[in-house]
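Novice: Questions regarding the structure given below will be posed in turn.
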Amino acid sequence: MTEDLTTRYDGVLERTADGGVIRFERHLAYDVRDVWDAITSPERLADWWLPFEADITVDLREGGEMVFAGTSDATPVTMTCTILRLEPLQLFEHTHPAPGSTMRWELEAVDTGCILRLSHFVPDVREATDNCYLVGLQTSLARLEPMLAGRPQPWDWEFFAVARAHYAALGLAAAVDAS
């Protein structure tokens, strides 16, 4: 990524009685409608969410599915999420490919744009840490604002590595194996 609009590492992982919750909050200088479209529209999700190219479909209704089908010639990846709650322009909640895990996107319109609150509920904190969920979300969210500005950025594995080292030092991501 040539322009880093997200210089802070603001992800947190709170332990709960039934696992944990990863939280991020972003103050975006974009209208809530634009941010809503970015998190629910297949075309816009493809520009910032995943670390791989995918065909994305979204059946935007409670009970509908979001399907992310990787288009690489490498090992095919397909992830399916079910939409659990939908309150347009305010709340979007869906399952995550990891069993028992859900994601909640809350939007709040403010005079300066929109506040995005992302919560990823995980039943297994160790799995979330080992699989670098915080790091992946940090990297994806770093791509959201440039996409909203009309400058989509490719996935940045160097940014991912730096974020991973930061979160690993806090015990919130798997450390990089030095061997």
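The values are calculated or read from the model by the stated rules, or taken from the named source; none is laboratory data. The structure presented is a predicted model; accordingly, all values stated were derived computationally and were not measured. When we count neighbours, we look across all protein chains shown, and the Cβ atoms used for this are built from the backbone with ideal geometry, even at glycine.
Novice: For region 87-145, which positions are among the acidic types (Asp, Glu) and out of contact with any Gly (no Cβ under 7 Å at 6 or more places or on another chain)? Quick ask: steps written out before the conclusion?
Specialist: Let us first name the residues in region 87-145 that are among the acidic types (Asp, Glu), namely 87, 93, 106, 108, 111, 124, 127, 130, 145.
Listed by number, the residues that qualify are Glu87, Glu93, Glu106, Glu108, Asp111, Glu127, Asp130, Glu145.
Novice: In this structure, is Val12 among the β-branched types (Val, Ile, Thr), surrounded by 13 or more Cβ atoms within 10 Å (Cβ to Cβ) and at pLDDT 95 or above? Break it down into steps so the answer makes sense when it comes.
Specialist: On the way: among the β-branched types (Val, Ile, Thr): yes; surrounded by 13 or more Cβ atoms within 10 Å (Cβ to Cβ): yes; at pLDDT 95 or above: no.
Against the criterion (among the β-branched types (Val, Ile, Thr), surrounded by 13 or more Cβ atoms within 10 Å (Cβ to Cβ) and at pLDDT 95 or above), Val12 does not qualify.
Novice: Then there's this: Where residues in region 15-40 are of a type in the set (Asp, Glu) and touching a helix residue (DSSP H, G or I) at 6+ places or on another chain (Cβ under 9 Å), which of them is surrounded by the fewest Cβ atoms within 10 Å (Cβ to Cβ)? It would help to see each step written out before you state the result.
Specialist: Here is the first cut: in region 15-40, the ones of a type in the set (Asp, Glu) are 18, 25, 31, 34, 37.
Restricting the remaining residues to those that are touching a helix residue (DSSP H, G or I) at 6+ places or on another chain (Cβ under 9 Å) gives 34, 37.
Numbers: Asp34: 13, Asp37: 16.
Out of the qualifying residues, it is Asp34.
Novice: While we're here: Could you list all residues from region 83-117 that are surrounded by 15 or more Cβ atoms within 10 Å (Cβ to Cβ), within 17 Å of the chain's Cα centre (by Cα) and not hydrophobic (A, V, I, L, M, F, W, C)?
Specialist: Of everything in region 83-117, those that are surrounded by 15 or more Cβ atoms within 10 Å (Cβ to Cβ), within 17 Å of the chain's Cα centre (by Cα) and not hydrophobic (A, V, I, L, M, F, W, C) turn out to be Glu93, His94, Thr95, His96, Ser101, Thr102, Arg104, Glu106.
Novice: Continuing with this model, one more query. For region 118-127, which residues satisfy the criterion of being touching a Lys or Arg at 6+ places or on another chain (Cβ under 9 Å) and buried (at least 18 other Cβ atoms within 10 Å of the Cβ)?
Specialist: Pass one, region 118-127, residues touching a Lys or Arg at 6+ places or on another chain (Cβ under 9 Å): 118-121, 125.
Within region 118-127, Leu118, His120, Phe121, Val125 meet the criteria.
Novice: Now, a different point. Looking at region 57-70, which of its residues are surrounded by fewer than 11 Cβ atoms within 10 Å (Cβ to Cβ) and either touching a residue at least 24 places away in the same chain (Cβ under 8 Å) or polar (S, T, N, Q) (or both)?
Specialist: We begin by selecting, within region 57-70, every residue surrounded by fewer than 11 Cβ atoms within 10 Å (Cβ to Cβ); these are 61, 63.
Arg61, the sole residue that qualifies.
Novice: Would you please name the residue that is modelled with the lowest pLDDT, looking only at residues in region 41-53 that are surrounded by fewer than 19 Cβ atoms within 10 Å (Cβ to Cβ) and part of a helix (DSSP H, G or I)?
Specialist: Per the criteria, the residue is Glu43.
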